[in-house]
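For reference, the structure is listed below as C-alpha cells.
The values are calculated or read from the model by the stated rules, or taken from the named source; none is laboratory data. Remember, predicted model here, so these are calculated numbers, not experimental data. Positions of Cβ are generated from backbone atoms using ideal geometry, with glycine treated the same way; all protein chains shown enter the neighbour counts.
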Amino acid sequence: MIMMDEIVLFNPGDSIGNFHDYHEAVQTAQIYQERHTESGHVVVVKSDNGAPSFDIFLAEQQLDNGQKNPSTSKRYTISKKL
C-alpha cells in the first residue's frame, strides 16, 4: 500500500511555533495540546519549500484549496497529527 503525503494550506501567521528540529516541534506540540485541551487537534507540518522547517498549527485553522486570498496561505505537508 502506497501512502500519499497530505498537502494542506495554512496562513503562516497562525503558526503556534516554528522549528528546525522535528522532535522539538513534536514535543512542543504535545506540551501545547496538554495545556490547551480546549483548542482542538494540533498538527506538526513541514514547509514544502526551502530548508526543513516545521510549524505547529491547530487543525481547525487549515484553509481549503478554494481560499479567496491564496497569497496569505502557504503549502505544508502534515508530519504528525496530535
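The table below gives the values:
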item	result
Enumeration of residues in the range 19-40 that are surrounded by 13 or more Cβ atoms within 10 Å (Cβ to Cβ) and either aromatic (Phe, Trp, Tyr) or in contact with a helix residue (DSSP H, G or I) (Cβ under 8 Å, 6 or more places away or on another chain) (or both)	19, 22, 32, 33, 39
Within the range 10-40, considering residues that are outside any helix (DSSP H, G or I) and modelled with pLDDT under 90, the one farthest from the chain's Cα centre (by Cα)	36
